[in-house]
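Structure, as structure tokens:
The values are calculated or read from the model by the stated rules, or taken from the named source; none is laboratory data. In this text the structure is predicted, and so the values were computed from the model without any measurement. Ideal geometry is used to build each Cβ from the backbone, glycine not excepted, and the neighbour counts take in all protein chains shown. Side chains are part of the model used for accessible areas, which takes the heavy atoms of the whole protein and leaves out ligands, DNA and RNA. Shrake-Rupley method; radii C 1.70, N 1.55, O 1.52, S 1.80 Å.
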Amino acid sequence: MSQTNLGIIVVGAGNVGGYWLDNFAPELPVGAEIVAIVRSTRYLTNCQGNVSNWREDFSNTTQHSPADALAVILQQLEACSHPHKVVLDLTADERIRHHYTDWIAAGAHIISANKYAGASSNQDYQKLRAALQQHQRHWLANTTVGAGLPIQAAIQERLRGNDTIHKISGLCSGSLSWILRQFQASDKAFSYWVKQAAELGYTEPDPRQDLGGHDVARKLTILAREAGWTIDPNDVQLQSLVPPELRQVDLSQFWQQINKLDAYLQPWLETDSAKPMDYLGTVALTNGQLTANAELTSFAADSLFATVRTGDSAFQIYSDHYCEGPLTVQGPGVGAALTASGVHSDVLTLFSELNS
Ligand SMILES: NC(=O)c1ccc[n+]([C@@H]2O[C@H](COP(=O)([O-])OP(=O)(O)OC[C@H]3O[C@@H](n4cnc5c(N)ncnc54)[C@H](OP(=O)(O)O)[C@@H]3O)[C@@H](O)[C@H]2O)c1
């Protein structure tokens, strides 16, 4: 093993970050070590790879402002004497992506589970790509779609094989799939299953994030960019499952009027379980023209999208080489363990790239 030294700054120690610190950090290769762990208002610095008691160590830290916690990342990068450095963005905070270019300029590679940088506006995305190019840094983000599923890896592999991708479609929202399947298998209203999903923690705190299709738009944007296509998240045509009058009201009013979803969606909701329905996202490049959309779709009962297990993600890639039947990636696409495992795979990929 080469003596390359990789200093790791972990930003976010929630479900995914916590799982990675507990289960994968102890398995880091010789030469890679954690130098800091940063949470929203607390941080551990100068760790020198010794993070086995990180939870207890955090309980002995003092609370700071979120801005101070973020400032520590740059300080640690500047103080870090390791020849190579990486920041793991394991937060769900939209604002974090605005710091990537500073971290890159300070010498860091980036690994993200956080989707927001990959799904930022075309202008911001191009700025980030330019910074990576200028400073010759790597950015790996294989868990941003489908958690541990190798969907981005499948796209990269097709492109390396000189294949031309024409279309990618998939069930990208575990929460919408769960709600729709429960709805179709029961005689209860759609709004009932939205409430159940929220109570079980399957939706965002504001379920309109899921029902509006915004999360699916982010994932389609990331996949399209992986395929080398230029796209802005606003280019994705979304069927919102939220009635117009409930889109701007505050969350408590949304919950009070949630029954309005049932009448609004009635024309689209398929109650015939022989015609399974899901929220399908598709992005395609045809004759140089990019189209991207996400909407309620019914499938033939024996089709892939009808038969995936509840909560699983499934993707199909159509290309020159996969024109008669698509390349399919499917399986559980959510969960801290799978995501942390995918993050670890990105860390090892970076480590071996830096050693090659
Ligand atoms: N869970 C999954 O199945 C899954 C799958 C694929 C991708 N992801 C992505 O993985 C990321 C992490 O998900 P999660 O479920 O672990 O989230 P989480 O449990 O909410 O944890 C988020 C962590 O980020 C920290 N944080 C938030 N804002 C911060 C800030 N401004 N500066 C520093 N730290 C900050 C939080 O700090 P505190 O500890 O102080 O609250 C917390 O430790 C998300 O982007 C999610 O979309 C998750």
Worksheet item: Roughly how many nanometres apart are two label points built 7 Å out from the Cα toward the Cβ at S59 and T41?
Response: 1.8
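On full extension of the chain, what length is gained from A263 through N234, given 0.36 nm per residue of separation minus the C-alpha to C-alpha distance? All intermediate terms of the calculation are to be shown ahead of the outcome.
Working: separation 29, 0.36 × 29 = 10.44 nm, distance 2.73 nm.
Additional length available on full extension: 7.7 nm.
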Worksheet item: What FRET efficiency do you get for C323 and Q134 if R0 is 30 Å and r is their Cβ-Cβ distance, rounded to the nearest 0.05?
Response: 0.20
Fill in: Simple spin-label estimate for T307 and Q123 in nanometres, 7 Å along Cα-Cβ
4.8
Item to complete: In Å³ and rounded to a whole number, note down the convex hull volume per residue for the Cα atoms of the chain.
Response: 153
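Any idea what diffusion coefficient the range 239-305 gets from Stokes-Einstein, in µm²/s, Kirkwood Rh on alpha carbon pairs, 37 °C, 0.692 mPa s?
Values: Rh = 14.3 Å.
In µm²/s, the coefficient rounds to 229.
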Response to the item:
The simple spin-label model distance between R247 and L348, using points 7 Å out along Cα→Cβ, in nm, is 4.5
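Is there a pair in K167/K260; K115/K167; K219/K260; K167/K188 whose C-alpha atoms are over 31 Å apart, and which pairs would that be? Provide the component values of the computation, followed by the final result.
Details: K167/K260 35 Å; K115/K167 21 Å; K219/K260 28 Å; K167/K188 35 Å.
Listed pairs above 31 Å: K167/K260; K167/K188.
Counting only protein heavy atoms and using a 1.4 Å probe, what share of the accessible area of the chain belongs to carbon plus sulfur, as a whole percent? Numbers along the way, then the final one.
Working: 7540 of 16510 Å².
Whole-percent figure for carbon plus sulfur exposure: 46.
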Worksheet item: What aspartates and glutamates could a cross-link reach from K275, if we take a straight Cα to Cα line under 12 Å and drop same-chain neighbours fewer than 8 places away?
Response: D302
Worksheet entry | Value of Rg/Rh across the range 62-154 [Cα atoms, Kirkwood radius] | 0.97
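If you scale each eigenvalue of the Cα gyration tensor by 5 and take the root, what three semi-axes come out for the range 151-332, rounded to whole angstrom and sorted largest first? The partial results should precede the final answer.
Values: eigenvalues 183, 66, 36 Å².
So the equivalent ellipsoid measures 30, 18, 13 Å along its semi-axes.
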Fill in: Ordering of 104-115, 128-139, 19-30, 215-226 by burial proxy (mean other Cβ atoms within 10 Å per residue, highest first)
215-226, 104-115, 19-30, 128-139
Worksheet item: Counting pairs of alpha carbon atoms under 8 Å apart in space and at least six apart in sequence, what relative contact order in percent does the range 151-332 give?
Response: 32
Worksheet, complete the sentence: Note, the range 258-263: 3J(HN,Hα) by Karplus (6.51, -1.76, 1.60, θ = phi - 60°), whole Hz, Gly/Pro = x, goes 4, 4, 4, 4, 5, 5
Discussion item. Ignoring solvent entirely, what values of log10 I(q)/I(0) come out of the Debye formula for the range 287-356 at 0.16, 0.18, 0.20 Å⁻¹ when each Cα is a single scatterer?
Written reply: -0.88, -0.98, -1.04
Practice prompt. Starting from the exponent 0.38 and prefactor 2.2 Å, build the expected Rg for the range 103-179 from its residue count and divide its actual Cα Rg by it.
Written response: 1.28
Response to the item:
Listed by chain and number, the residues whose amide H is under 5 Å from that of N5, excluding neighbours fewer than 5 places away on the same chain and using placed H, are H84
